[in-house]
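**Q** Got a structure here, written out as structure tokens. Questions coming.
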């Protein structure tokens, strides 16, 4: 499981194209340039690793379009040492990007197959989240709250109250909201105080649905 100059070249071309699409944060682009995306998908699909498209992974899920990963990461702009809660580990790619930025990442996956695979892969690639959980993303990780930022990588039918309450005051969450067969919107939630959060719509989104409960 090694990287190569071939894939490094493809990543740099992808990063160059992401700049033309409005991804301007150089630290985010640097993190994406260092993560070997082709290792987070099936080897039969490696040729699609550095194309701006979603790629199927196990458990009928997808690895998001690199543009989507870059955009969500840019929107929360995780800084060094910040506590980030990621809902939907998937294959671990977004997790690795967050870790490249020096954040303390806590991540949840509800699909046991994906949880097992991503845990093994991240360790093999020397990526170490602070905590990796097999659980229900709607519930978050209250034992480790509050979090500086929360990033949700699947579309929820509503903004989960538990997640809002696990944000620190002044923290923010990026979450796609809406059903798959209807229009989804990317939302930014800013927690202003104990009782009040500000919700900002950031445009259309297209994600697999966020489901409740663990799936073994």
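Since every read-out is calculated from the coordinates, none of them should be taken as a lab result. Just so we're clear, the structure is a prediction, and the values are computed from it rather than from any experiment. When we count neighbours, we look across all protein chains shown, and the Cβ atoms used for this are built from the backbone with ideal geometry, even at glycine.
**Q** Taking the 0 to 90 degree range and rounding to the nearest ten, how far is the long axis of helix 112-124 tilted relative to the main principal axis of the chain, both from C-alpha atoms?
**A** Once rounded, one gets 60 degrees.
**Q** With Kirkwood's inverse mean 1/r over C-alpha pairs for Rh, give me the Rg to Rh ratio of the stretch 54-151, two decimals please.
**A** 0.93
**Q** Kindly give the semi-axes, whole Å and largest first, of the ellipsoid equivalent to the chain, taking each as the square root of 5 times a Cα gyration tensor eigenvalue.
**A** Semi-axes from the Cα gyration tensor: 25, 19, 17 Å.
**Q** What is the antiparallel percent of DSSP beta bridges lying wholly in the stretch 30-158, to the nearest 5?
**A** 15
**Q** So what is the relative contact order for the chain, in percent, with contacts set as C-alpha pairs under 8 Å and at least six apart?
**A** With pairs under 8 Å counted, the relative contact order is 16 percent.
**Q** Helix 66-76 sits at what angle to the longest principal axis of the chain, using alpha carbons and giving 0 to 90 degrees rounded to 10?
**A** So the inclination is approximately 40 degrees.
**Q** Treat the count of other C-beta atoms within 10 Å as a stand-in for reagent exposure and order 138, 5, 147 from fewest to most.
**A** 5, 138, 147
**Q** Quick check: convex hull of the Cα atoms in the stretch 1-73, volume per residue, rounded to a whole Å³? Walk me through the intermediate numbers first.
**A** Working: hull volume 6.2 nm³, N = 73.
That works out to 84 Å³ per residue.
**Q** Between residue 188 and residue 211, what is the FRET efficiency for a Förster distance of 22 Å, r being their Cβ-Cβ separation, to the nearest 0.05?
**A** 0.45
**Q** Here's another thing I want to ask about it. What 222 nm value per residue comes from the helices of the chain, counting each DSSP H run with n ≥ 4 as -39,500 (n - 2.57) and dividing by all residues, nearest 500 deg cm²/dmol?
**A** Helix contribution divided over all residues of the chain: -8500 deg cm²/dmol.
**Q** For the stretch 123-202 and the stretch 25-55, compute the distance between their C-alpha centroids and round to whole Å.
**A** One Cα centre to the other: 23 Å.
**Q** Checking the a/c ratio against 1.5 first, then a/b against b/c, what shape does the Cα gyration tensor give for the stretch 162-216?
**A** oblate
**Q** Using Cα atoms only, what is the angle between the long axis of helix 5-20 and the major principal axis of the chain, expressed in degrees (0 to 90) to the nearest 10?
**A** Roughly 50 degrees, rounded to the nearest 10.
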